[in-house]
Structure formats: structure tokens, C-alpha cells
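**Student:** One structure coming up, written as C-alpha cells, with questions to follow.
The values are calculated or read from the model by the stated rules, or taken from the named source; none is laboratory data. On a predicted model such as this, the values are computed, not experimentally measured, just so you know. Note that we place each Cβ from the backbone using ideal geometry, even for glycine, and neighbour counts take in every protein chain shown.
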Amino acid sequence: MSTTKKYEFKAEVKKLLDILVHSLYTSREIFIRELISNSSDALDKLRFEQNRGTEIFEKELPLEIRIDFDEKKKLLTITDTGIGMTRDEVITNIGTIAKSGTEDFVKMISESKGDLNNIIGKFGVGFYSVFMAAKEVVIKTKSFIVDEPAVHWKSDGLGDFEISELEEKRKRGTKIEIHLKEDASEFCQKWKLESVIKKHSNFITFPIYLGTEKINTVSAIWREPKSSINKEQYAEFYKFLSYDTNEPMDVIHKTIDAPIQFNALLFIPKKSSNYFWFDRENYGLDLYVRRVLIQHKNKDLLPEYLSFIKGVVDSEDLPLNISRETLQENIVFTKISSSVTNAVLSYLAEKANNDSNGYLEFWKEHGKIFKLGYSDFSNHEKYIELIRFNSSACKNQEELVSLLEYITRTKEGQKEIYYISGTNRTAIELDPHMEIFKNKGLEVLYLFDPVDEFVIQSIRKYKDYHFKSVDNIDLNKLKDLKDVEEKKKEFEDLSGDDKKHFSSLLAKMKNILGDKVEDVVESKRLVNSASCLVSKDEGLSSSMQKILKLTNKETAQQKKIFEINPSHLLIRNIISVYKSDANDEFISDVTEQLFEAALLQEESLDDPHVLAKRINQTLEKASEWYVTVKGIIKN
């Protein structure tokens, strides 16, 4: 070894090293990532020189990275066969911080409170992270330039470093010997090293050997042409990435070159994750910069309603180790995020248009989460074309329709898209509010999920059609629409005298119910039911009121209009009772019973006990009358 010369680190580097050595860190393992990234860069540079025809020292050497460890000596060694360094390059690259912004970096690192995971490397100081775990570092490097001597560098990170030329013959590339601190001995254990490498550096282009074993066995197929990858390779990578035992439902592979450059490999799982609602943080895409993992499960690359997507995004234009805070403000990242979201929505639109059965399968698995996109106003037009609902035009609850399909079936003169909420299809079809729509042949969207109401309220209209709940429609807008079949009249129209009594009966019912209702009126919508509750025009639908109540939102109790059908047998009998005795107790019982039954039907009856008791009392009286009429001898 030639004469050794000692150098002082620059003042700002001393300050940096002092912070690194004497602070506490949450992720010391990142130094391995940084050193492997540096080795990968050195190999890339060497390959560039090879391609341009430069004379290379030991050109037959394979391009690779080797990591060795000695638990007894607490020694970790990282070796590459890359471009290597000359003496001057060692002084420039290791002895100083070559890039600008050093003081800003020191300030940032001082204010980071020890969490350097996302800012190390931003200013070109990734190598210095080694001193988080090392008490001494030795570098032995030989440049690719044939006549350049090998160089020896050593430092304990306390303020100075030594450089000398190596007289011994060395292979091309760089070897870094890391003498670990006592509390960093885990980094010379195989399990820890393998874990860190697979977590951060698994997709480095060049082979990484841990001892004699190649660690990065899965290739970064997202950077390969789609034409060179088969279905089995995609499936293998998906299973590796997601730990899913099933193959993916769909694969979205995009390579974007302008205006920004990135690769994205995204997967739609065959089955939805049952853990999403219980573990809301367990989603996101892995963000890479030039094959180096920067952030696991980044949640800003896709909006939450696309959180079922698994995959990776690899950028050429983002700085290495950009921080989480800076990511959200970075214009390149914002463009990537927008482009990735657009790619997914465009793919789903194409699937919906060309593979309706496949899209139906997708919706059944992931529709519940996808519906959360009602608040994504920047992609409103794309989102609205992708949502699906069951409707009265469907054969069963499994069939779905798009809004575009709905409006192609609207009646002449129809200006609204009608919807109703319910727990299932059977319950909805028994709802009295549906009777006029069935009679008019009008299609109604069926909303089974609570979030559907928020979707409808948010998008408000589709093309020229506004959404309208069936329980607060303006009947005047339906009167000119033809009936698909004539109403079967069970009774003749009320005579003039009976009309007066019916009008008085309605006033009597309003007096019985008092402040519970807005009004009691004759129904123009009911066909087979005796009564129903309807919301005032522009009021909240009954289902939306229920949702707000469940979410503890303070909303004033909305009074509804109680509609009575004079063509129903029960109401005709009540008219007869009223004509006989306007104060008969039976009128009050029936009024309360009908009102509470209407509340129960729309799932807004707070206490069913009174209703149940009244039903039992009515059944007792009815059974007594039945026995008497039939002349049945009682026990």
C-alpha cells in the first residue's frame, strides 16, 4: 500500500455525519438499500461504457452485486463489478457532497427527528447513511480505466478519512467493508439481509448474491414489453406481489414515455379483500424509482375507490428517496397519479363495452368499493359511465344496468331517472310507492347498498335526466304518461255524498295523527295498497333520513304526507264506519295502525311494540266477530 494521506471532511459533511452517528433512527436498514442502489448505478455506467465501445478493464467480468457477512467479526461486505472509482473520484464522491443543496439537506435532516427513511439520498448523500450502522467503513475500488490504480478509503465517520493507492491487484469495481456497531449486529445475519434486500432491492436489474445464493430471483417484468410476457408470468408475479393464491382477474400493463416516463403493472384481484373495511390502511401501490423500492403501499397513486388494485409503478423522473410529504407536492408524481388513475378507468370502460359478463363479475366483487368514487369530481364523467344498479327492468337481483341503458328505455316525456332504496328486490317490489311506476311501465333503479344514496345525491343528474326518489316525485310529471294497463276497478268511484264523507275522514285522520304528519290526502299513486307516506317535493328520501340517523347526523325529523287510497276495501269500510259514527274508536285504531305500518315499511318505526300490541287486539276482535258470524261454538 502506498503512502496514506488523511483528509478532513467539509464542515457541512461533519455536521451531517454527527447527526447520523448520534441520532436515533426508525429504519437503519435503508443504508443497505442505498449502497445496493449505488452499486446498481455503477454497473449501469459500466454497461453504458461497454455499449459505446470504450476499452474496459477486465471486460469479461460478469455484472453483479455480491453481499457477504461474518457474524463473528460483525462485518458486512458489499461488492460490485461496476465502473469503479479513481482516486479523484473517491475524494469527490465520498469525501464531499457533490450535489448542491447541502445546507438545506442538513437543515432538513436536523428537523426530521431521526426519521431519515424518506429523505436520505434526496441530495445525493445516500452513501453516508452507512454510518447509522457502521463504526468504520473501508472502500476498495478499481476504476474501469485500465491504467488507473486501485484506491483504498477508510473512515470512522467522525470527521476525517484516509486515502491511499493499493499496490495489490484488484478486480474492477468497488468493495465496501462495513464494520458494524454493537447494536447493529443484526445486519450480518442472513435472515435480516435477505429480508431487507427482498423488500427494497428485489427488482434491481443486476443479480444480487447473498453468499452463494441469488436473492433477486423475480424480474421487474413491468419494464419489459408486454409482447414478451405471457399469462403465466403475469400470474406468477401477481402471486409474489399480493400473496394471493388465485390468478388475477385482469392485468393492466402500461408504459408511458411522454410527457413523463413511467411503467405501471396493475392487477385486479379475482376476489375482493374481506379485510378492507377492517384494515383500511392495507392497500396501495408499490412505488419504485428506477427499480428501487421507494415506498411500499403508496396510497396516493390511486384514489381510495380503486384501492382494490394491486401492483407497482416505476418512475424514471422522480428523485430517489423523495419524502412522503414532498411526494404530494411533486408535479411529476401528481401527473403519474393522474395518468395511472386514468389508465385504470379507461381499462374498465373498455371492459364494460367489450366484455359485459366480465364487467359484471368485476362489479360483483369490487363494486362496493368502486362506488366510493362518487366524490372524485375530476373523473366524474368516466366514473358515472361505470357505475351499475339493479332495476325494475332486470329479471332478477343479479342483473345490472348502466345509466346509459336506463335512459335508452325512458318513456316519451320522461325527464327524470327514478330510484328507490331497499334491503332486497322482493321488499322493494312490495313497496306501495312502486305501484304507480309499475302501472306506467316506468323503470326504477333499485338501491340495495347505503352508499348508493350518496352516489345518487352526489352525481345529481346524468345527461339531461335528474335523479328522483320514488317517495317524493311530482305526480303532475307522471299524469301525462300513458298507463301500460288499465287499473282494475274493484269499486265504483265515490258518490258525491261519499266524497264529502271521505274528505271529512281525511281531516279526522289528520286530527288523530296530529304533528306526526304534514297532511293526510287522497292518493293518486296507489293502486293495490291502502296507504303510504311520501316526502314533500325536494325533501330527503326516507332511506337518506335513515342513513343520516344511523350516522348520528343531527337532522330535524321530516314530516311526511300520509296518502290514503279511497279505492281500497279497508278504506271503503272505514268510510262506512265514519258515516255511521264519526267518533267510533275503530277509526282511530285503523288510522294509527296504517300510519305505523307505513313507517315500518320504510324502516323508520322507532318502537314496534305499540304496533304489535294493537295488531293483537285487532286480531282478538276480528276472531270474535268471525266466530260470531260463522256461528262457531266456543270452547
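Per-residue answers, yes or no, for (1) outside any loop (DSSP other than H, G, I, E, B); (2) surrounded by 15 or more Cβ atoms within 10 Å (Cβ to Cβ); (3) not assigned by TED's automatic domain parsing to the domain that holds Ala597:
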site	(1), (2), (3)
His466	yes, no, yes
Asp480	no, no, yes
Lys500	yes, no, no
Leu505	yes, yes, no
Met509	yes, yes, no
Asp515	yes, no, no
Val520	yes, yes, no
Lys524	no, no, no
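**Student:** So in segment 29-61, with the set limited to residues that are free of Cβ contacts under 8 Å to residues at least 40 places away in the same chain and either within 20 Å of Ile78 (Cβ to Cβ) or touching a helix residue (DSSP H, G or I) at 6+ places or on another chain (Cβ under 8 Å) (or both), which one is surrounded by the most Cβ atoms within 10 Å (Cβ to Cβ)?
**Tutor:** The residue in question is Arg47.
**Student:** Let me ask another. Which is within 23 Å of Leu75 (Cα to Cα), touching an Asp or Glu at 6+ places or on another chain (Cβ under 8 Å) and at pLDDT below 95, of Lys171, Lys142?
**Tutor:** Lys171 is the lone residue from the list that is within 23 Å of Leu75 (Cα to Cα), touching an Asp or Glu at 6+ places or on another chain (Cβ under 8 Å) and at pLDDT below 95.
**Student:** Checking Val292 against (1) surrounded by 19 or more Cβ atoms within 10 Å (Cβ to Cβ); (2) modelled with pLDDT of 85 or more; (3) among the β-branched types (Val, Ile, Thr), only one condition comes out false. Which one?
**Tutor:** Of everything listed in (1) surrounded by 19 or more Cβ atoms within 10 Å (Cβ to Cβ); (2) modelled with pLDDT of 85 or more; (3) among the β-branched types (Val, Ile, Thr), Val292 misses just condition (2).
**Student:** Being modelled with pLDDT under 90, on the phi < 0 side of the Ramachandran plot and of a type in the set (D, E, K, R), is that true of even one residue in segment 19-31?
**Tutor:** yes
**Student:** Restricting attention to segment 386-428, which residues are small (Gly, Ala, Ser) and over 21 Å from Lys371 (Cα atoms)?
**Tutor:** Within segment 386-428, Ala393, Gly413, Ala427 meet the criteria.
**Student:** Is it fair to say Lys335 is in a strand (DSSP E or B), at pLDDT below 95, in the same structural domain as Asp244 (by TED's automatic domain parsing) and surrounded by fewer than 19 Cβ atoms within 10 Å (Cβ to Cβ)?
**Tutor:** No: the conditions fail for Lys335.
**Student:** I need the full set of residues from segment 514-529 which are touching a strand residue (DSSP E or B) at 6+ places or on another chain (Cβ under 7 Å) and not charged (D, E, K, R), in order please.
**Tutor:** Val517, Val520, Val521, Ser523, Leu526
**Student:** Now for a different question. Taking segment 507-518 only, how many residues are within 17 Å of Gln593 (Cα to Cα) and under 45 Å from the mean Cα position of the chain (by Cα)?
**Tutor:** Total meeting the criteria: 3.
**Student:** Looking for whichever is under 26 Å from the mean Cα position of the chain (by Cα), in a helix (DSSP H, G or I) and outside the structural domain of Leu600 (by TED's automatic domain parsing) here; the options are Tyr446, Tyr383. Which one fits?
**Tutor:** From the options Tyr446, Tyr383, the qualifying one is Tyr383.
**Student:** So which pairs qualify, if the first residue must be in segment 500-514 and β-branched (Val, Ile, Thr), the second must be crowded, with 19+ Cβ neighbours inside 10 Å, the Cβ gap must be under 6 Å, and the two must be at least 6 apart or on different chains?
**Tutor:** Correct list of pairs: Ile512/Thr591.
**Student:** Identify, please: which residue in segment 386-409 is crowded, with 17+ Cβ neighbours inside 10 Å and assigned to a loop (DSSP other than H, G, I, E, B) and is, among those, farthest from the chain's Cα centre (by Cα)?
**Tutor:** Selected residue: Ser392.
**Student:** Take the residues in segment 429-450 that are of a type in the set (A, V, I, L, M, F, W, C) and surrounded by 15 or more Cβ atoms within 10 Å (Cβ to Cβ), then tell me which one is nearest to Arg525 (Cα to Cα).
**Tutor:** Ile436
**Student:** A further question on this structure: Looking at Glu186, Glu213, Glu168 in this structure, which one is more than 23 Å from Leu293 (Cα to Cα) and among the acidic types (Asp, Glu)?
**Tutor:** Answer to the check: Glu168.
Rundown of residues vs (1) acidic (Asp, Glu); (2) within 22 Å of the chain's Cα centre (by Cα); (3) surrounded by fewer than 19 Cβ atoms within 10 Å (Cβ to Cβ); (4) within 29 Å of Ile30 (Cβ to Cβ), yes/no style:
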{"position": "Ser227", "(1), (2), (3), (4)": "no, no, yes, no"}
{"position": "Lys231", "(1), (2), (3), (4)": "no, no, yes, no"}
{"position": "Asp244", "(1), (2), (3), (4)": "yes, yes, yes, yes"}
{"position": "Pro248", "(1), (2), (3), (4)": "no, yes, no, no"}
{"position": "Val251", "(1), (2), (3), (4)": "no, yes, no, no"}
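**Student:** Does Leu619 satisfy the criteria of being hydrophobic (A, V, I, L, M, F, W, C), under 44 Å from the mean Cα position of the chain (by Cα) and assigned by TED's automatic domain parsing to the domain that holds Leu505?
**Tutor:** No, not satisfied.
**Student:** Going by what's in this entry, would Ala235 be described as closer than 23 Å to Asp44 by Cβ, surrounded by fewer than 17 Cβ atoms within 10 Å (Cβ to Cβ), assigned by TED's automatic domain parsing to the domain that holds Leu327 and without any contact (Cβ under 8 Å) to a residue 24 or more places away in the chain?
**Tutor:** no
**Student:** So, in segment 344-365, how many residues would count as being surrounded by fewer than 16 Cβ atoms within 10 Å (Cβ to Cβ) and closer than 14 Å to Leu301 by Cβ?
**Tutor:** 0
Per-residue answers, yes or no, for (1) in a helix (DSSP H, G or I); (2) modelled with pLDDT of 90 or more:
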residue	(1), (2)
Lys579	yes, yes
Asn583	no, yes
Asp589	yes, yes
Phe595	yes, yes
Leu600	yes, no
Asp606	no, no
Val610	yes, no
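**Student:** Only residues that are farther than 20 Å from Ser272 by Cα and among the acidic types (Asp, Glu): list them for segment 332-383, please.
**Tutor:** Listed by number, the residues that qualify are Glu350, Asp376, Glu381.
**Student:** Exactly one condition in (1) surrounded by 15 or more Cβ atoms within 10 Å (Cβ to Cβ); (2) touching a Ser or Thr at 6+ places or on another chain (Cβ under 7 Å) is not met by Ser529; state its number.
**Tutor:** The number of the failed condition is (2).
**Student:** Another one. Determine whether segment 81-100 contains at least one residue that is assigned to a helix (DSSP H, G or I), under 41 Å from the mean Cα position of the chain (by Cα) and at pLDDT below 90.
**Tutor:** No, that holds for no residue.
**Student:** Within segment 482-496, does at least one residue satisfy the condition of being among the hydrophobic types (A, V, I, L, M, F, W, C), part of a loop (DSSP other than H, G, I, E, B) and touching a Gly at 6+ places or on another chain (Cβ under 9 Å)?
**Tutor:** Looking for residues that are among the hydrophobic types (A, V, I, L, M, F, W, C), part of a loop (DSSP other than H, G, I, E, B) and touching a Gly at 6+ places or on another chain (Cβ under 9 Å), one finds at least one in segment 482-496, hence yes.
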